[in-house]
Amino acid sequence: MSRPCLLILCLFAFAFSCFAQDERTTIKKSLIPATGNDTRDFIPSGWKLEEQLSSDLNNDGTPDYVLKLIENKPAKNSDEVNDRARALIVLLQSADGKLTRAAIADKLLQCTGCGGAFYGVVDAPANVKIENNVIVVEQDHGSREVSDVTFRFRYDTASQRFMLIGFDYSERDRATAKSSSESTNYLTGVRKTNGKASTVPKTKVFMDDVDYEKLEEGSVKRLGLG
């Protein structure tokens, strides 16, 4: 084989490898039942519980549940991060103890290998907490420039779904300490980009449809960082 042909094949293989790495594994929503009697009923094969939170999210007097799931697969070796996808499931509990699936977020939480050089071979976090019945997701990633994001979701009685009410994005340069930030309040329709206020449509964005990468890309573009 000639050297030009070999070079082309190598470039093709490299491009295919990069494309394959960019493809994200997501949980199959069809495998998660609509109702169940135990939180374990909502954890499909190939996944396991990473964290479970509880709070009365819809103010009906009964505790509800937030399940943070992670792929259940072993590490290939100890020198590399065990790259595993994550998913978030929200369950509402009725007075008789029956659990109903209220949300499945398959692209909200970053994978364990999505932390970049900032985390190296350590699992990148996807922190979930509940504050005043609002589900808050915080995560960061990067290298010299580190991106921090925060999502806030609240139960919407009209649609009986969990709605995105706030999204904060910031990026800081660890070498120069320069930073940029953007904060969007979807309830008021006010967005502040580096302190400058603008308005956004008060459209309902539900947890099931949130893709953290796409929301980050939008902020990066508006801040002139990409």
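Couple of notes before you dig in:
- For residue 68, the aspartates and glutamates whose Cα falls under 12 Å of its own Cα, not counting residues fewer than eight places away in the same chain, are 50, 51, 106.
- Compared with the direct C-alpha span, the chain from residue 94 to residue 217 gains 40.4 nm at full extension, assuming 0.36 nm per residue.
- Accessible area (Å², per residue) of segment 88-133, counting only protein heavy atoms and a probe of 1.4 Å: 41
- Degrees between helix 212-222 axis and first principal axis of the chain (Cα, 0 to 90, nearest 10): 70
- Selection of trypsin sites (Lys or Arg not before Pro), segment 128-181, meeting DSSP coil and at most 13 other Cβ within 10 Å: 144, 174, 178
- Loop-located GluC sites (Glu not before Pro) in segment 21-92 whose Cβ has at most 11 other Cβ within 10 Å (DSSP): 23, 80
- Eligible aspartates and glutamates near residue 98 by straight Cα distance, threshold 16 Å, same-chain separation 8 or greater: 38, 41, 56, 60, 64
- Mean ellipticity per residue at 222 nm, deg cm²/dmol - from DSSP H runs of n ≥ 4 across the chain, formula -39500 (n - 2.57): -4500 deg cm²/dmol
- Summary of the geometry: segment 71-109 and segment 177-226, compared by the centres of their Cα atoms, lie 25 Å apart.
- Accessible-area composition of the chain, carbon plus sulfur, in percent [1.4 Å probe]: 51
- The alpha-carbon of residue 192 sits under 26 angstrom from the alpha-carbons of these lysines, leaving out residues fewer than 8 places away in its chain: 107, 129, 178, 202, 204, 214, 221.
The values are calculated or read from the model by the stated rules, or taken from the named source; none is laboratory data. Source: prediction; values computed, not measured. In this analysis, Cβ positions are derived from the backbone assuming ideal geometry, glycine residues included, and neighbour counts consider all displayed protein chains. Areas reflect the complete protein model, heavy atoms only, side chains present, ligands, DNA and RNA absent. Shrake-Rupley method; radii C 1.70, N 1.55, O 1.52, S 1.80 Å.
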